[in-house]
Amino acid sequence: MALLPILRFPDTRLKKVAAPVVNVDDSIRKLVADMAETMYEAPGIGLAATQVDVHKRVVVIDTSEDKNDLRVFINPTLESCDGSQIGEEGCLSVPGIYDRVERAERVTVRYLDLAGKKQSLTTDGLLAVCIQHEIDHLNGTVFVDHLSQLKQTRIRSKLAKQARVTA
């Protein structure tokens, strides 16, 4: 396993739409293992392949308290979205920035597992939010894209300032 570099907003590579995985093979399983290690180390609760500059439809998520419930979604698609909730979100690609985003309260997602088998999951709460957030990444959307232009401009300025300070 290896730690992968996480792209930072506003890197244009975060806007690329990920391609479907054609075959769930050892290279995809290695990518998943590397993504999981990167997510846990960051630390975060979700990571899309797009965020590590791999433009394939692969997501890892672990919303458990003790980080022992890794979920893998390959070629995830939202089949249904119900209700509405507004919650504060953050992102490993937008470090230190949090804001309120409206999401569906309950989702059903179809996906392939690590064995390449079709699966379906209906969930709500934090896992539902995380699934929507990570699928957004696969579609070239970062959570700040859901915010007003003014907020996006402020976030870009804050991140640029952070980059200058750490450089």
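The values are calculated or read from the model by the stated rules, or taken from the named source; none is laboratory data. Computed from a predicted structure; not experimentally measured. We place every Cβ from the backbone using ideal geometry, glycine too, and count neighbours over all the protein chains shown. These area figures cover heavy atoms from the full protein model, side chains too; ligands, DNA and RNA do not enter into them. Shrake-Rupley method; radii C 1.70, N 1.55, O 1.52, S 1.80 Å.
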Looks like the range 73-129, by Cα gyration tensor root eigenvalues a ≥ b ≥ c and the a/c under 1.5 rounded cutoff (else prolate when a/b is bigger than b/c, oblate otherwise), is oblate
Among all lysine pairs in the chain that are eight or more places apart or on different chains, how many have alpha carbons less than 30 angstrom apart?
28
Everything considered on the Cα gyration tensor (a ≥ b ≥ c; rounded for a/c under 1.5, else prolate if a/b is larger than b/c, else oblate), the range 1-87 must be described as rounded
Charge sum, other residues only, whose C-beta stays under 12 Å from Pro76's C-beta, Lys/Arg counted +1 and Asp/Glu -1
+1
Classify the chain: rounded, prolate or oblate, from the alpha-carbon gyration tensor (a ≥ b ≥ c, eigenvalue square roots; a/c under 1.5 rounded; otherwise prolate if a/b is larger than b/c)?
oblate
The range 1-75 accessible area per residue, 1.4 Å probe, protein heavy atoms, integer Å², reads 51 Å²
Carbon and sulfur atoms account, in whole percent of the 1.4 Å probe accessible area of the chain, for 51 percent
